[in-house]
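Enquirer: Can you read through this structure? Questions will come right after.
The values are calculated or read from the model by the stated rules, or taken from the named source; none is laboratory data. From a predicted model like this one, the values you see are computed outputs, not experimental measurements. Cβ placement follows ideal geometry from the backbone for every residue including glycine, while neighbour counts extend to all protein chains displayed.
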Amino acid sequence: MSERLFTIPNFLSIARILLIPLFLFLLIQNNKLGALVVFFIAATTDFLDGIAARLLNQKSSLGALLDPAGDKLLMTAGIIALSLPSLSSPNVIPIWLTVTVIGRDLYIVWGAYMMYKRIGCKSFPPILTGKVSTVCQMSVLVLVLLLNAQNISAPYLLWFYLLTLIFTILSGIHYTRIGYQMDRDNSSS
């Protein structure tokens, strides 16, 4: 893994983080189309930084921190902002989904910290339910932004919220099982 700081993937991750305040500012200004465009650009940098890291062989320790931090900051800012009726209309992400998504993320961070303290584990590979959960969460954010930009109220969003809730909970359970198994394997060796 490269230790270069100034790489294209790192630049894209930093750009994603720096776009978050602009996204929030546009929501506060009720510029729904602008917020959608900025969010879409920020989300696209996530896709592009991974491709650039692989194609240009520019994986780095800093990038390993910046990429997931940028993802979580963007997702968290988006889900919180779009669950506030004053910033998100006519469609508002239900608070029960916001609490579940953020609660699961905090739970995973706490679990990763505990695994590090107990057995020194520093890496946790992504899992399918986690990836599906992330896709669902990102889809809900983009869909709400898109519909709000067009001022379309969509009752069918409830089904997307429920699907996202299910995969968010399933991924939390899956990560718990993996952590439990890692701890058990470590204890028996």
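Enquirer: Does the stretch 169-178 contain at least one residue that is closer than 30 Å to GLY34 by Cβ, surrounded by 15 or more Cβ atoms within 10 Å (Cβ to Cβ) and either of a type in the set (A, V, I, L, M, F, W, C) or not assigned by TED's automatic domain parsing to the domain that holds CYS136 (or both)? Reasoning before the result, please.
Expert: So in the stretch 169-178, the residues closer than 30 Å to GLY34 by Cβ come out as none.
Looking through the stretch 169-178, none of the residues is closer than 30 Å to GLY34 by Cβ, surrounded by 15 or more Cβ atoms within 10 Å (Cβ to Cβ) and either of a type in the set (A, V, I, L, M, F, W, C) or not assigned by TED's automatic domain parsing to the domain that holds CYS136 (or both).
Enquirer: Yes or no: ALA35 in a helix (DSSP H, G or I), over 10 Å from GLY63 (Cβ atoms), in contact with a Lys or Arg (Cβ under 6 Å, 6 or more places away or on another chain) and not β-branched (Val, Ile, Thr)?
Expert: Spelling it out, it is not the case that ALA35 is in a helix (DSSP H, G or I), over 10 Å from GLY63 (Cβ atoms), in contact with a Lys or Arg (Cβ under 6 Å, 6 or more places away or on another chain) and not β-branched (Val, Ile, Thr).
Enquirer: If a residue has to be among the basic types (Lys, Arg) and outside the structural domain of LEU162 (by TED's automatic domain parsing) to count, how many in the stretch 72-107 make the cut?
Expert: The number of residues fulfilling the criteria is 1.
Enquirer: Which residue out of PHE6, PHE25, PHE40 is surrounded by fewer than 20 Cβ atoms within 10 Å (Cβ to Cβ), more than 20 Å from SER139 (Cβ to Cβ), modelled with pLDDT of 85 or more and not aliphatic (A, V, I, L, M)?
Expert: The unique qualifying residue is PHE25.
Enquirer: Also: Look through GLY103, GLY78, GLY130 and report the one residue that is small (Gly, Ala, Ser) and surrounded by fewer than 16 Cβ atoms within 10 Å (Cβ to Cβ).
Expert: Within the list GLY103, GLY78, GLY130, the selection yields GLY103.
Enquirer: Could you say whether any residue in the stretch 62-71 is in the same structural domain as LEU26 (by TED's automatic domain parsing), surrounded by fewer than 19 Cβ atoms within 10 Å (Cβ to Cβ) and touching a residue at least 60 places away in the same chain (Cβ under 8 Å)?
Expert: yes
Enquirer: Looking at the structure I just gave you, is GLN58 out of contact with any Lys or Arg (no Cβ under 6 Å at 6 or more places or on another chain) and without any contact (Cβ under 8 Å) to a residue 24 or more places away in the chain? Spell out the reasoning first.
Expert: Numbers: out of contact with any Lys or Arg (no Cβ under 6 Å at 6 or more places or on another chain): yes; without any contact (Cβ under 8 Å) to a residue 24 or more places away in the chain: no.
No; evaluated as a whole, the condition is false for this residue.
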